[in-house]
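Remarks on the structure that follows.
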Amino acid sequence: MAKHNAAVYGVQDRIEFIVGDFVAMADTLKADVVFLSPPWGGPQYSKEETYDLEKSLIPLPASELFAKCQKITENIAMFLPRNSNTQQLSMLAGPGGAVEIEQNFLDRKFIALTAYYGELINE
């Protein structure tokens, strides 16, 4: 789908799609942006009032995934459950850092959050 969309918008020559195990590949990657959509741990995430990004994300806690991303780039986007702990997302930015949290809707239903860091923040 992403490759198709890139072709539709005429940017396919400016994007390299990498498919694989991020945790295994992270130390070898170089990129301008990292977009993460880590497994949420199954449908039980929706039963939690607040989704704990340190205990529930698979295969690593959010802080460890984020640290791996920061070795690649400061421009990070994370697609996460709608009930994610936003304080934890803020903490990932570090002291003096910033995060922009976008609510994602589909057919007027709030389905997820995307957290943006680095130059991805819309100022």
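Coordinate-derived values only; no laboratory data. Owing to the predicted nature of the structure, the values given are computational and were not obtained by experimental measurement. Ideal geometry is used to build each Cβ from the backbone, glycine not excepted, and the neighbour counts take in all protein chains shown.
A few remarks follow.
- Within the range 21-117, percent of DSSP bridges classed antiparallel, to nearest 5: 75
- Based on Cα contacts under 8 Å between residues 6+ apart, the chain shows a relative contact order of 23 percent.
- Exposure proxy ranking, count of Cβ atoms within 10 Å, fewest first, for TYR9, TYR51: TYR9, TYR51
- Put in line by how crowded their Cβ is, counting other Cβ atoms within 10 Å and starting with the fewest, PHE22, PHE79 read PHE79, PHE22.
- Packing-based exposure ordering (other Cβ within 10 Å, fewest first) of SER90, SER46: SER46, SER90
- Full extension of the segment from PHE105 to THR50, taken as 0.36 nm per residue of separation minus the current Cα-Cα distance, would add 18.0 nm.
- Rg ratio for the range 21-117: its Cα radius of gyration over 2.2 N^0.38 Å, N being its residue count, equals 1.05.
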